[in-house]
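Asker: Mind having a look at this structure? Questions to follow.
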Amino acid sequence: MNKIWIAFLTSFGLLSASCSEKTNTKKDDGNGLDRTSFLTFYADSIIRPSYQNFNSDFQLMRQSAELFIANPNETNLTNFRNNWASAYLSWQSVELFDFGPAEKITLRNFYNIYPADTNGIHANILNPSNTLETPVSYAQQGFPALDYLLNGVGSNQTEILNFYTNADQGSKRTAYIKRLIDKMDLLLSEVITDWNGNYKNTFISQTGLDIGSSTSLMVNGLVLHYERFIRTGKFGIPSGVVSNGILAPNKVEAFYKKDISKSLAQASHLAYINYFNGKSFGSNQEGSSLKTYLDALNAKDNVSGKNLSTLINEQFAIVEAKLNLLNPNLSEEVTNNNSKMIDVATEMQAVVRMLKVDMSSAMSITITYTDNDGD
Amino acid sequence: MTAINTYFNKTTSAAPLAVFRICFGLMMLFSIIRFWANGWIKSLYIDPSYFFSYYGFEFVKPLGNYTYLLFAICAVSALFVALGFLYRYASLSLFVSFTYIELMDKSTYLNHYYFISLVCFLLVFLPANCYFSLDANRKPKYASKLIPQWSIDSLKLMMAILYFYAGLAKLNSDWLMHALPLKIWLPARNDMPIIGPIFNYNSTAYLFSWLGCLYDLSIPFLLWNKTTRPFAYATVIIFHALTALLFPIGMFPHIMMVAALVFFSPNFHSRILSFISKWVRFEPNAVAENSLAKNPSFVKPLFILFFIVQLLLPFRHLAYPGELFWTEEGYRFSWRVMLIEKAGSIQFTVKDSNGNFEVVNPKDYLSPLQEKMMATQPDMILQFAHHLRNKYKELGYAQTSVYADSYVTLNGRLGKQFINPNTDLAKEEESFAHKDWIKPFTDEIAGL
């Protein structure tokens with residue numbers, strides 16, 4: 001009977017010996033597998049600078065709004081509009097950070113729920129004590145509400161100006177603009193303060209992959225963002241892909257401005273690609289990222305031998321090519337060329353799957369608290 | 001035949017079975033309390049609007065708020081089993097209530113819950129209350145110091161089957177040749193204090209895979225053998241402590257560490273009992289040394305049948321074509337533990353004959369756990385498709401069809417379409433037959 005024991009011990013010994021040989025020749029020493037490094041890079045080189053940049057664009061918009069409110073004339077309206085459009089574009093680079101501070105206060109709900117609820121907006125103008133905190137009110141504020149207020153309350157410049165110079169209601173209407181911008185400003189400063197303060201350290205130090213850890217929150221947030229807000233929101237709903245084929249040209253982003261919906265979508269998609277690849281904000285420098293982590297994990301398709309990150313980037317590129325085919329006004333595209341919109345939604349679905357299934361599985365991201373024995 | 005008869009006539013001390021009863025009852029009690037405290041009764045059995053029944057057990061459903069009562073009954077039964085109080089009723093009620101809980105929703109299936117159900121079943125028929133129990137003290141005529149050897153051996157055999165079959169299941173190319181899924185899971189733990197960095201090496205995944213397989217295949221024999229037992233038990237502790245640290249597998253490691261004590265000698269267990277006796281000031285009544293607890297005559301054939309089923313059931317996948325890890329036909333109830341990293345995403349399109357259609361995101365109907373489990377398991381996909389069919393019929397859809405658009409990754413392979421998108425799942429029926437609407441697995445995994 002001792003023989004069994006001896007055999008068992010010997011096999012243990014042989015195995016450890018053979019494996020220690022491997023260890024010596026193997027090059028991977030944990031480089032690239034340290035999650036602190038990509039968390040740090042994301043916080044310092046992408047998230048915080050992106051918020052900083054968005055904040056300055058937002059403050060420009062705020063200043064021009066104040067000028068417009070003080071003096072609603074044609075020049076001030078044009079400036080306000082232009083600064084609104086650039087702030088909206090810049091927002092596309094921070095909307096994807098739907099984890100941590102932004103997720104805690106659900107920043108997105110107060111910034112970009114569309115289509116705007118125009119009846120609600122008019123009701124709120126009449127009654128400034130209406131709440132802006134309930135889910136119903138989300139579509140009455142943020143960039144979509146400003147879109148309506150700047151571009152949709154009249155059919156031309158003069159009509160829009162008249163809306164604000166109206167002796168009776170004008171001041172109430174500008175007051176609502178101020179109310180919306182003040183609210184956005186307050187929430188944004190909370191998020192930025194959090195990222196510049198304690199949260200950054202929390203983010204970097206929660207290096208696990210269990211639920212509640214930074215990587216898990218970040219990846220789940222990012223995947224959801226791509227699926228729900230980039231794909232479904234910008235393309236799936238307007239094109240009817242996710243809504244039983246019912247076309248909804250009025251449900252595109254920036255519906256009233258009309259000609260920026262494509263560039264908003266492109267900006268959000270590019271920001272997403274850059275985030276995945278760890279491209280520093282405002283430069284071409286790449287750092288530790290989901291891409292480098294997946295590469296370090298050696299996540300690849302064993303048939304083609306290609307890295308998973310390469311395959312994801314290839315699919316990103318296909319989506320970008322489909323996006324390029326669109327005209328600037330996505331609402332028109334839904335009406336005239338909806339198949340192009342559907343193409344984008346279809347190719348985006350392939351990205352969703354790679355991120356949600358292949359990437360999350362390769363990274364071993366947990367989605368529930370309950371016990372699991374891996375089957 | 002005489003050898004077999006001699007074996008069945010052998011007797012042994014009742015102490016090991018008494019210790020097993022006490023430990024098992026207490027661990028069950030603790031498991032239920034933990035489950036309750038974590039809020040899982042609510043999140044798993046009350047909050048969801050749909051539950052995945054087992055084929056043939058569709059009548060087993062959560063009981064709304066009475067589900068708490070069910071868990072309470074289970075907890076009290078576990079305590080009574082530990083105390084050996086009203087044991088026949090308590091053990092039966094423990095088996096029934098626990099098994100009912102496990103049958104309520106497939107998405108919570110865990111091999112160790114299945115193991116617990118089976119042990120509860122065995123305990124119903126074992127004379128585990130004949131010694132060191134409240135029953136034995138209350139009714140001295142039921143008290144005895146000896147039990148048939150096969151009573152305690154049946155528990156050992158159950159454990160041996162669990163380990164050995166878990167080992168057999170690891171004899172496949174993914175596990176042994178590619179160290180999958182450990183190669184995926186271990187780096188996720190590389191931030192653990194002290195041992196974390198070793199998980200950055202692929203060689204660690206290989207080492208753990210091979211040792212794990214070797215451990216599972218050999219541990220029953222090493223525990224059974226007196227000489228190797230202390231060493232074997234030490235590896236039980238190390239192995240399960242490590243799995244407890246690395247993976248979210250709940251009570252399982254602790255239950256196995258305690259249950260493996262059953263392999264130790266009667267002397268060892270007598271010492272445990274005298275320790276407990278002093279600690280809780282419980283004095284068992286004196287019992288005649290040669291008093292023997294008798295099992296009713298039907299128990300022996302019942303157990304033989306039970307173990308034949310146990311030995312065969314894990315091989316039922318051989319009756320199905322295709323890769324087991326992909327189709328999962330015959331995957332459950334077979335001790336396939338921690339074998340695959342599988343994830344999927346699925347959407348359904350519900351259509352009717354009038355041209356109405358709707359794309360359904362399962363998230364709107366299921367909990368995250370249910371959605372995750374359903375996305376990779378064809379029988380659950382079919383159940384959910386039928387659920388949608390019935391829902392939309394209520395909404396006025398005429399002749400509802402349900403199609404699945406699915407994508408599944410298995411052990412790091414790039415995701416592939418899982419379900420034939422042209423199959424109308426509303427028309428497919430659940431059965432034990434092969435589901436030919438599962439798309440074939442495009443790779444090969446060699447082995448058992």
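Asker: When you check residue A:67 against the structure, is it more than 13 Å from chain B (Cβ to nearest Cβ), modelled with pLDDT of 95 or more and not in a helix (DSSP H, G or I), yes or no?
Answerer: Judged against the criteria, residue A:67 is not a match.
Quick grid of which residues meet (1) at the interface with another protein chain (Cβ under 10 Å from one of its Cβ atoms); (2) in a helix (DSSP H, G or I); (3) in contact with a Phe, Trp or Tyr (Cβ under 9 Å, 6 or more places away or on another chain); (4) under 21 Å from residue B:340 (Cβ atoms):
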{"position": "B:373", "(1), (2), (3), (4)": "yes, yes, yes, yes"}
{"position": "B:376", "(1), (2), (3), (4)": "yes, no, yes, yes"}
{"position": "B:382", "(1), (2), (3), (4)": "no, yes, yes, yes"}
{"position": "B:392", "(1), (2), (3), (4)": "no, yes, no, no"}
{"position": "B:407", "(1), (2), (3), (4)": "yes, no, yes, yes"}
{"position": "B:412", "(1), (2), (3), (4)": "yes, no, no, yes"}
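Asker: Another question about this same structure. So residue B:421 clears everything in (1) at pLDDT below 95; (2) assigned to a loop (DSSP other than H, G, I, E, B) except one condition, right? Which one?
Answerer: (1)
Asker: Just for helices (runs of 4 or more DSSP H) wholly inside the stretch A:272-375: which have at least 2 residues that are of a type in the set (S, T, N, Q), more than 19 Å from the chain's Cα centre (by Cα) and at pLDDT 95 or above?
Answerer: Per the criteria, A:308-324, A:330-336, A:338-353.
Asker: With the stretch B:1-120 as the region, which helices (runs of 4 or more DSSP H) entirely inside it contain at least 3 residues that are of a type outside the set (Gly, Ala, Ser), at pLDDT 95 or above and open to solvent by 70 Å² or more (accessible area, probe 1.4 Å)?
Answerer: Values: elements: B:2-9, B:15-37, B:66-83, B:87-104.
Because the criterion is at least 3 residues that are of a type outside the set (Gly, Ala, Ser), at pLDDT 95 or above and open to solvent by 70 Å² or more (accessible area, probe 1.4 Å), the helices (runs of 4 or more DSSP H) in the stretch B:1-120 that meet it are B:15-37, B:66-83, B:87-104.
Asker: Residue B:221 passes all but one of (1) modelled with pLDDT of 95 or more; (2) more than 30 Å from residue B:144 (Cα to Cα); (3) outside the structural domain of residue B:24 (by TED's automatic domain parsing); (4) among the hydrophobic types (A, V, I, L, M, F, W, C); which number fails?
Answerer: The failed condition is (2).
Asker: Does residue B:227 qualify as being within 12 Å of chain A (Cβ to nearest Cβ) and either free of Cβ contacts under 8 Å to residues at least 12 places away in the same chain or within 22 Å of the chain's Cα centre (by Cα) (or both)?
Answerer: The answer is yes for residue B:227.
Asker: Kindly establish whether residue B:157 is in contact (Cβ under 8 Å) with a residue 40 or more places away in the chain, open to solvent by 20 Å² or more (accessible area, probe 1.4 Å), closer than 30 Å to residue B:284 by Cβ and part of a helix (DSSP H, G or I). Spell out the reasoning first.
Answerer: Details: in contact (Cβ under 8 Å) with a residue 40 or more places away in the chain: yes; open to solvent by 20 Å² or more (accessible area, probe 1.4 Å): yes; closer than 30 Å to residue B:284 by Cβ: yes; part of a helix (DSSP H, G or I): yes.
Yes: the conditions hold for residue B:157.
Asker: Sticking with this one: Looking at residue B:207, is it part of a helix (DSSP H, G or I), without any contact (Cβ under 8 Å) to a residue 12 or more places away in the chain, under 26 Å from the mean Cα position of the chain (by Cα) and buried (at least 17 other Cβ atoms within 10 Å of the Cβ)?
Answerer: yes
Asker: Return the only residue of B:215, B:163, B:201 being within 25 Å of residue B:259 (Cβ to Cβ), within 11 Å of another protein chain (Cβ to nearest Cβ) and not basic (Lys, Arg).
Answerer: Details: B:163 fails: within 11 Å of another protein chain (Cβ to nearest Cβ); B:201 fails: within 25 Å of residue B:259 (Cβ to Cβ).
Unique residue meeting the criteria: B:215.
Asker: Go through (1) in contact (Cβ under 8 Å) with a residue 24 or more places away in the chain; (2) open to solvent by less than 20 Å² (accessible area, probe 1.4 Å); (3) out of contact with any Phe, Trp or Tyr (no Cβ under 7 Å at 6 or more places or on another chain); (4) not hydrophobic (A, V, I, L, M, F, W, C) one by one and return the number of the condition residue B:196 breaks.
Answerer: Answer for residue B:196: the failing condition is (1).
Asker: Now for a separate question. Could you list, in sequence order, the residues of the stretch A:293-313 that are more than 12 Å from chain B (Cβ to nearest Cβ) and open to solvent by 50 Å² or more (accessible area, probe 1.4 Å)?
Answerer: Within the stretch A:293-313, A:295 is the sole residue that qualifies.
Asker: Turning to a different aspect of this structure: Only one of these is open to solvent by 40 Å² or more (accessible area, probe 1.4 Å) and under 29 Å from residue B:47 (Cα atoms): B:443, B:364, B:379. Name it.
Answerer: None of the others qualify; the one that does is B:364.
Asker: Does any residue in the stretch B:19-47 that is more than 30 Å from residue B:269 (Cα to Cα) come within less than 7 Å, Cβ to Cβ, of a residue that is open to solvent by 50 Å² or more (accessible area, probe 1.4 Å) and in a helix (DSSP H, G or I) six or more places away or on a different chain, and which pairs are these?
Answerer: Close Cβ pairs satisfying both conditions: B:41/B:68.
The values are calculated or read from the model by the stated rules, or taken from the named source; none is laboratory data. Because the structure is a prediction, the values reported are computed rather than measured. With ideal geometry, Cβ positions are generated from the backbone for all residues, glycine too; neighbour counts draw on all protein chains shown. Ligands, DNA and RNA are excluded from the accessible area calculation, which covers all protein heavy atoms including side chains. Shrake-Rupley method; radii C 1.70, N 1.55, O 1.52, S 1.80 Å.
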